[in-house]
Structure formats: C-alpha cells, structure tokens
Amino acid sequence: MQLINREEVLKKIDALKNKDVYIHMEMTMGAYTSHRDQSVHPASNFIKNVIIKYEHGTLSESSPYRIGLKINGGWVYAEGMTHWDETDKDRVIISGNDKDGKLIAALQISTEPF
C-alpha cells in the first residue's frame, strides 16, 4: 500500500462508474482495543459484497481523503483515507491508517465479490 495518488485513484474510480460493482467498506475506532482500555469508546461498521452502481466518484483535494460515490438517491462515502493498493489492476482498494499504520477505515470496489 502506498500513499494515495489522487489522479491515479480517480482514474480507477472513473473506470468502474456506471457498472454494477461490489463494495466492501469498514471502519473501526477502538472496537479492537477497548478491552485493553475502558476509556476508549468503541465504534465500527462493516459491509461486504453490496452491489451498487455509481454515476460519479469524487476524491477530496488533500489527505486524509474523503471518497464519495454518487448513487441513485444518495451517496456512499468514506473519510480519512490515506493509502491505496497501486498494484491491483482490477479493483480499487483504499484504506485509512492511523499514525501507527493500523487500519481504521477501508473502501474496496470491484466487479467481482470480495
């Protein structure tokens, strides 16, 4: 995983628009660490293999990035993104990592299930 290259990520997002795609999205804020520190308020979400079709994809101007996918009737978005997998040619794999490199958020888009 490399730091997000905005132009390259936008190209990959644009290549998948107006297609039925699977998304995987998750976020965790302390859900895996609250057992060690009771002061941490755990929060998380997780969706996998939800099929959407988006008409437009956006990426904010600077890191940490906000990625939005305009779908019929609303938006899917992920905030706090910092890294992407530049080696995956068929899927968009984006993550947000904290200062220690631990995953806090992920958004993946593919024409095949995850």
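The values are calculated or read from the model by the stated rules, or taken from the named source; none is laboratory data. Treat the numbers as computed from the prediction; the structure is a model and nothing was measured. Virtual Cβ from ideal backbone geometry, glycine too; neighbours counted across all protein chains shown.
Mind checking which residues of segment 68-80 are of a type in the set (A, V, I, L, M, F, W, C) and either in contact with a Ser or Thr (Cβ under 7 Å, 6 or more places away or on another chain) or surrounded by fewer than 17 Cβ atoms within 10 Å (Cβ to Cβ) (or both)? If you could, list the steps in order and put the result at the bottom.
We begin by selecting, within segment 68-80, every residue of a type in the set (A, V, I, L, M, F, W, C); these are 69, 71, 75-76, 78.
If the condition is that a residue be of a type in the set (A, V, I, L, M, F, W, C) and either in contact with a Ser or Thr (Cβ under 7 Å, 6 or more places away or on another chain) or surrounded by fewer than 17 Cβ atoms within 10 Å (Cβ to Cβ) (or both), then I71, W75 are the ones that fit.
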Test K89 against the criterion of being of a type in the set (D, E, K, R) and outside any loop (DSSP other than H, G, I, E, B), and give yes or no. no
Among the candidates G96, G73, G68, G80, which residue alone is in contact with a Gly (Cβ under 8 Å, 6 or more places away or on another chain) and on the phi > 0 side of the Ramachandran plot? G80
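Sort through I71, I47, I104, I51 and tell me the only one that's within 12 Å of the chain's Cα centre (by Cα) and at pLDDT 95 or above. Step through it out loud before you land on a result.
Working: I71 fails: within 12 Å of the chain's Cα centre (by Cα); I104 fails: at pLDDT 95 or above; I51 fails: within 12 Å of the chain's Cα centre (by Cα).
Being within 12 Å of the chain's Cα centre (by Cα) and at pLDDT 95 or above holds for just one of I71, I47, I104, I51, which is I47.
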